[in-house]
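Colleague: Take this structure first; my questions come after.
Throughout, read-outs are computed from the coordinates displayed, never taken from laboratory work. Just so it is clear, the model here is predicted, and its values are computed rather than measured. Here the Cβ positions follow ideal geometry from the backbone for every residue, glycine too, while neighbour counts run over all protein chains shown.
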Amino acid sequence: MDSPFGGTAEEAYKISGIEEAVRAAGGEMELMSSFKFGQAAVPQGQDIHEWTVFQDALHAVLIDVPIAKHHSMARLTLGTKNLMGLIEDRGSIHRNMGQRLADLSSLFRPALTVVDAVRILMDNGPTGGDLNDVRQTDMVIASHDIVAADAYATRLFGLQPSDISYIGASARMGLGTMDLAGSRSKS
């Protein structure tokens, strides 16, 4: 699914090549029709307790695939920030954004987060910038823990997980770990 900031999902699917790849694999494209949005309780919401969300996402195995990039308000778009694509009234999320994004993460709980960091937008995001703002890292970060995936991705931007409000808020809510050194298994 895609809910692009500019243009339509249909245009995004065509331009990105996703539509062609899905059809070649025998899949179907899902468009986020407005009639599929409805109110949902936010289970661990600290700032928001219900929100209008894309209902199909609540009944699916959700794989969150953000493109890592600079964001002028949130500092970075990563897995948690990418969940904004599943809600209506994105404008209201911007007030107390860090906590509200963490609250939404408690609702959606992706089974897998795959951060596309092959090329990252280092500045002037989310929609501005030019090729001088792009850095090639050839990296993909995948985790069942959205907070850990986001925390790891901050390093690519020279930041710490605590620099991103939604990562800290999500960790405090117990939605995952941002302490990557403490989360490694011992062998």
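Colleague: Please identify, among Thr137, Thr77, Thr177, the residue showing maximal mean-square fluctuation in a Gaussian network model of the chain using a 10 angstrom Cα cutoff.
Modeller: For the chain, modelled as a Gaussian network with Cα springs under 10 Å, the answer is Thr137.
Colleague: Going by amide H atoms built from the backbone, whose H comes under 5 Å of the H on Thr137, apart from near neighbours?
Modeller: Arg119, Ile120
Colleague: Answer rounded, prolate or oblate for the stretch 47-94, using the Cα gyration tensor with square roots of eigenvalues a ≥ b ≥ c: rounded when a/c is under 1.5, else prolate when a/b is larger than b/c, else oblate. Walk me through the numbers before you get to the answer.
Modeller: Values: a/c = 2.60, a/b = 1.23, b/c = 2.10.
In terms of gyration-tensor shape, oblate.
Colleague: Once you charge only the Cβ atoms, +1 for Lys and Arg and -1 for Asp and Glu, what is the size of the charge dipole of the stretch 25-107 about its Cα centre, to the nearest 20 debye? Kindly include the intermediate steps, with their values, before the conclusion.
Modeller: Values: 7 positive and 9 negative charges, 82 e Å.
For this selection, approximately 400 debye.
Colleague: Taking H as built 1.01 Å from N, whose amide H comes closer than 5 Å to the amide H of Met32, not counting residues under 5 places away?
Modeller: Asp2
Colleague: Another question about this same structure. What ranking do 138-148, 12-22 get when scored by the average of other Cβ atoms within 10 Å per residue, highest first? Could you put the intermediate results ahead of the total?
Modeller: Details: 138-148: 18.2, 12-22: 13.5.
In decreasing order of mean packing, 138-148, 12-22 become 138-148, 12-22.
Colleague: Rg and Dmax of the stretch 7-150, Cα atoms, in Å?
Modeller: In order Rg, Dmax, the Cα atoms of the stretch 7-150 give 15.6, 43 Å.
Colleague: Further, regarding this structure: Averaging sequence separations of C-alpha pairs under 8 Å and six or more residues apart, then dividing by the length of the chain, give the relative contact order as a whole percent. Walk me through the numbers on the way to the answer.
Modeller: Working: 338 pairs, mean separation 35.0, N = 187.
Reported relative contact order: 19 percent.
Colleague: With point charges of +1 on the Cβ of Lys and Arg and -1 on the Cβ of Asp and Glu, referenced to the Cα centre of the stretch 32-187, which listed residue (Val61, Ile146, Ile87) lies farthest in the positive direction of the dipole?
Modeller: It is Ile146.
Colleague: Taking θ = phi - 60°, what integer Hz values does the Karplus form 6.51 cos²θ - 1.76 cosθ + 1.60 yield along the stretch 121-134, in sequence order, with x for Gly and Pro?
Modeller: 8, 7, 7, 6, x, x, 10, x, x, 9, 4, 5, 8, 9
Colleague: Could you tell me how far the Cα centroid of the stretch 78-128 sits from the Cα centroid of the stretch 28-59, in Å?
Modeller: Centre-to-centre distance over Cα atoms comes out at 14 Å.
Colleague: Taking a ≥ b ≥ c as the square roots of the Cα gyration tensor eigenvalues, with a/c under 1.5 meaning rounded and otherwise prolate when a/b beats b/c, else oblate, which class fits the stretch 19-83? Mind showing how you got there, number by number?
Modeller: Details: a/c = 2.41, a/b = 1.24, b/c = 1.95.
Oblate.
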